[in-house]
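The values are calculated or read from the model by the stated rules, or taken from the named source; none is laboratory data. Remember, it's a predicted structure, so these values are computed and weren't measured experimentally. Virtual Cβ from ideal backbone geometry, glycine too; neighbours counted across all protein chains shown. Just so you know, the surface numbers come from the protein's heavy atoms only, side chains and all, with ligands and any DNA or RNA stripped out. Shrake-Rupley method; radii C 1.70, N 1.55, O 1.52, S 1.80 Å.
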Amino acid sequence: MSTNTPITVAHGDGIGPEIMEATLHILKEAGARLDIETIEIGEKVYLRGNSSGIEPSAIESLRRTKVFLKAPITTPQGGGFKSLNVTTRKMLGLYANIRPCVAYHPYVDTLHPKMDVVIVRENEEDTYAGIEHRQSQDVYQCLKLMSRPGCERIVRYAFEYAVRNNRKKVTCFTKDNIMKLTDGLFHKVFDEIAPEYPQIENEHWIVDIGAAKLADTPEIFDVIVMPNLYGDILSDVAAQIAGSVGLAGSANIGVKYAMFEAIHGSAPRRAGQNLANPSGLLLGSVMMLVHIGQADIAERVHNAWLRTLEEGIHTYDVYTEGISTQKVGTKEFAQAVAANVGKEPEKLKIVRYSNGAMQDLTDRVSHYVPEVKEQVGVDIFINIVPESTEAFGTALSKVAIDGVKLVMLSNRGVKVWPNGFPDTLTCDTWRCRFMSSVTENGPVTHAQVIAQLQALLDAGYDFVKYESLCTFNGRADFSLGQGQ
Ligand code: NAD
């Protein structure tokens, strides 16, 4: 006899409660073995003065069950409210975001009838680390952070997902022609891990042309893995061109926890009218069933839903004259799917799942080979509006301490000194690169960096930060100024 799996459920805001009720009704009718703990999150919690949108007691429930089925929530307008989605992802370490984007031609209108793409998006790193600063009156920065373990686990997740879900190919999108170190790492890790999966075809595309191809001929892709920002944007594009963002579900997987949801928001204008399409959340819950080892129920739910689409029973958002047979509300749609439990689609592809197909894989980490790191210089960022670039470069050169020399000034990433281009726009933060004056790429110690900062302070310069320039096993892993 099988036992129930405890899960945490949040009904959310706007259309959330209606689509959650519809989803839970279908799950129950399909025989899902669940013990549900209900928590409150979102607008009401925010407006009670909790800026995170979630109470400690709700977090306790998540800690207990480790599985979260979440309806969309409304983030109140105005400052001070943190995105609960970002908070939950980070708090629970949900590093992988999986979004299947499938066309249901001819039952749902699409330009891409053969589309069947799964986007695997890295969910924690990249520019989403949320480390932003204003450096000066002119300049704002956002740090793009990528780590080797972070890249390894998302890339491995994509390949394992492909194997466990009978996929044929994994494509990687990056912009490593420009971001040679961060996106370069993602691509490099992809190239390292791909040969471990000889049965899966692999390829890499630069994200701009990759995105254009995805929008134009999505049928050439299968699983696509990408860093956080590209994945955020392109998974919405992919879901929309498959038919509708309203049809796509999303899984967020971590080492201990997992969260499942629709990709759309709380659509407040549609709330309380029995109009909303519950399909996105339902397909999120299908991935949840696979994750908790109820692949049998996941199949029953998914196939019943496909059958209902095929029968032309559609909510307003996918209803098309001539294709649809009945326009129904949220409740009636759920009842139709529930009544189809046990049936399979006749034309659309029948879905088969196996347990473990969504699982996290952090037990498989690559070998950690220690590298020899040596500091060979420092970029000191100085806030100044100088009389001229040339005068600033000359004056700053004279402040270099013994054993160190100023080798370059760059502004907005472009080398402007020595031998800059007079027409380059400059603003009030300058990257000033100091390196050894003794030997090329010779060591520059922390004590020298401190002495250099002190010398700058004594000379009246306002520095906003410094970054170490390091070699790893003798390889200089820092970018040159553009034009250097
Ligand atoms: P939205 O996705 O909520 O709605 C945009 C439009 O899409 C709606 O007006 C509606 O026409 C349509 N739509 C969306 N889901 C539908 C469904 N299930 N059935 C039928 N039609 C549907 O986006 P928005 O209006 O930009 O955001 C509304 C709120 O949702 C905001 O507060 C936003 O912060 C929040 N949001 C939450 C999540 C989440 O909780 N995961 C995600 C995105 C947005």
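Look through 335, 326 and report the one residue that is at pLDDT 95 or above, open to solvent by 30 Å² or more (accessible area, probe 1.4 Å), in contact with a Gly (Cβ under 9 Å, 6 or more places away or on another chain) and not small (Gly, Ala, Ser).
On the way: 335 fails: in contact with a Gly (Cβ under 9 Å, 6 or more places away or on another chain).
It is 326.
Here is a list of conditions, (1) open to solvent by 10 Å² or more (accessible area, probe 1.4 Å); (2) of a type outside the set (Gly, Ala, Ser); (3) within 11 Å of the ligand (Cβ to nearest atom); (4) under 25 Å from the mean Cα position of the chain (by Cα), and residue 269 meets all of them except one; can you say which number that is?
Among (1) open to solvent by 10 Å² or more (accessible area, probe 1.4 Å); (2) of a type outside the set (Gly, Ala, Ser); (3) within 11 Å of the ligand (Cβ to nearest atom); (4) under 25 Å from the mean Cα position of the chain (by Cα), residue 269 violates only (4).
Looking at the stretch 178-202 only, could you name the residues that are over 23 Å from residue 471 (Cβ atoms), surrounded by fewer than 16 Cβ atoms within 10 Å (Cβ to Cβ) and touching a residue at least 24 places away in the same chain (Cβ under 8 Å)?
Filtering the stretch 178-202 for residues over 23 Å from residue 471 (Cβ atoms) gives 190, 193-202.
Keeping just the survivors that are surrounded by fewer than 16 Cβ atoms within 10 Å (Cβ to Cβ) gives 195-196, 198-199, 201.
The answer is 196, 199, 201.
Counting only residues that are open to solvent by 10 Å² or more (accessible area, probe 1.4 Å) and within 15 Å of residue 278 (Cβ to Cβ), which one in the stretch 297-317 is farthest from the chain's Cα centre (by Cα)?
Top of the filtered list is 313.
Which of the strands (runs of 3 or more DSSP E) found entirely inside the stretch 87-136 contain at least 3 residues meeting this: open to solvent by less than 40 Å² (accessible area, probe 1.4 Å)? Quick ask: steps written out before the conclusion?
Values: elements: 96-102, 116-122, 132-134.
Hits in the stretch 87-136: 96-102, 116-122.
Filter the stretch 25-43 for residues that are more than 13 Å from the ligand (Cβ to nearest atom), under 27 Å from the mean Cα position of the chain (by Cα) and not hydroxyl-bearing (Ser, Thr, Tyr) and give the result. Let's see the steps before the verdict.
At the first step, the residues of the stretch 25-43 found to be more than 13 Å from the ligand (Cβ to nearest atom) are 25-40.
After this cut, where a residue has to be under 27 Å from the mean Cα position of the chain (by Cα) as well, the list is 38-40.
Within the stretch 25-43, 39, 40 qualify.
Residue 146 is checked against (1) of a type in the set (A, V, I, L, M, F, W, C); (2) touching an Asp or Glu at 6+ places or on another chain (Cβ under 8 Å); (3) without any contact (Cβ under 8 Å) to a residue 24 or more places away in the chain; (4) open to solvent by 30 Å² or more (accessible area, probe 1.4 Å) and fails just one. What number does that condition carry?
So the condition that residue 146 fails would be (3).
Which of the following residues is among the polar types (S, T, N, Q), crowded, with 17+ Cβ neighbours inside 10 Å and over 31 Å from the mean Cα position of the chain (by Cα): 436, 397? Walk me through how you get there before you give the answer.
Numbers: 397 fails: crowded, with 17+ Cβ neighbours inside 10 Å.
Criteria check complete, one pass: 436.
Going through the stretch 277-293 one residue at a time, which ones are within 17 Å of residue 338 (Cβ to Cβ) and within 15 Å of the ligand (Cβ to nearest atom)? It would help to see each step written out before you state the result.
Of the stretch 277-293, the ones within 17 Å of residue 338 (Cβ to Cβ) are 277-279, 281-283, 285-286, 289.
Once the filter is applied, which keeps residues that are within 17 Å of residue 338 (Cβ to Cβ) and within 15 Å of the ligand (Cβ to nearest atom), the stretch 277-293 yields 277, 278, 279, 281, 282, 283, 285.
Going by the conditions given, is residue 17 open to solvent by less than 20 Å² (accessible area, probe 1.4 Å), under 18 Å from residue 330 (Cβ atoms) and within 15 Å of the ligand (Cβ to nearest atom)? Even if it seems obvious, please write down each step before you answer.
Values: open to solvent by less than 20 Å² (accessible area, probe 1.4 Å): no; under 18 Å from residue 330 (Cβ atoms): yes; within 15 Å of the ligand (Cβ to nearest atom): yes.
No; evaluated as a whole, the condition is false for this residue.
Could you list, in sequence order, the residues of the stretch 366-385 that are closer than 25 Å to residue 188 by Cα, in contact with a Leu (Cβ under 8 Å, 6 or more places away or on another chain) and not aliphatic (A, V, I, L, M)? Break it down stepwise before answering.
Step one: filter the stretch 366-385 for residues closer than 25 Å to residue 188 by Cα, giving 366-376.
Remaining after also requiring in contact with a Leu (Cβ under 8 Å, 6 or more places away or on another chain): 375-376.
Within the stretch 366-385, 375 is the sole residue that qualifies.
Being part of a helix (DSSP H, G or I) and open to solvent by less than 30 Å² (accessible area, probe 1.4 Å) is the requirement here; does residue 156 meet it? Explain how you work it out, then say what you get.
Values: part of a helix (DSSP H, G or I): yes; open to solvent by less than 30 Å² (accessible area, probe 1.4 Å): yes.
Yes; evaluated as a whole, the condition is true for this residue.
Could you please find all residues in the stretch 445-463 being without any contact (Cβ under 8 Å) to a residue 60 or more places away in the chain and open to solvent by 50 Å² or more (accessible area, probe 1.4 Å)?
Selection gives 447, 450, 454, 457, 458, 460.
Could you grab me the full set of residues in the stretch 52-86 that are of a type in the set (Val, Ile, Thr), more than 10 Å from the ligand (Cβ to nearest atom) and outside any helix (DSSP H, G or I)? Please lay out each step first, then the result.
We begin by selecting, within the stretch 52-86, every residue of a type in the set (Val, Ile, Thr); these are 54, 59, 65, 67, 73-75, 86.
Next cut, more than 10 Å from the ligand (Cβ to nearest atom) only: 54, 59, 65, 67, 86.
Answer for the stretch 52-86, where residues must be of a type in the set (Val, Ile, Thr), more than 10 Å from the ligand (Cβ to nearest atom) and outside any helix (DSSP H, G or I): 54, 67.
Any residue in the stretch 419-426 that is assigned to a loop (DSSP other than H, G, I, E, B), at positive phi and free of Cβ contacts under 8 Å to residues at least 12 places away in the same chain? Quick ask: steps written out before the conclusion?
Narrowing the stretch 419-426 to residues assigned to a loop (DSSP other than H, G, I, E, B): 419-426.
After this cut, where a residue has to be at positive phi as well, the list is 419.
Imposing the further condition that a residue be free of Cβ contacts under 8 Å to residues at least 12 places away in the same chain reduces the set to 419.
So far as the stretch 419-426 goes, yes, one or more of its residues are assigned to a loop (DSSP other than H, G, I, E, B), at positive phi and free of Cβ contacts under 8 Å to residues at least 12 places away in the same chain.
Are any residues in the stretch 464-484 open to solvent by 50 Å² or more (accessible area, probe 1.4 Å), touching a Lys or Arg at 6+ places or on another chain (Cβ under 6 Å) and part of a strand (DSSP E or B), and if so, which ones?
472
Is it the case, given these coordinates, that residue 263 is open to solvent by 10 Å² or more (accessible area, probe 1.4 Å) and in contact with a strand residue (DSSP E or B) (Cβ under 8 Å, 6 or more places away or on another chain)?
Numbers: open to solvent by 10 Å² or more (accessible area, probe 1.4 Å): yes; in contact with a strand residue (DSSP E or B) (Cβ under 8 Å, 6 or more places away or on another chain): yes.
It is true that residue 263 is open to solvent by 10 Å² or more (accessible area, probe 1.4 Å) and in contact with a strand residue (DSSP E or B) (Cβ under 8 Å, 6 or more places away or on another chain).
Quick one: is residue 114 over 21 Å from the mean Cα position of the chain (by Cα), closer than 25 Å to residue 264 by Cα and among the basic types (Lys, Arg)?
Details: over 21 Å from the mean Cα position of the chain (by Cα): yes; closer than 25 Å to residue 264 by Cα: yes; among the basic types (Lys, Arg): yes.
Answer is yes for this residue.
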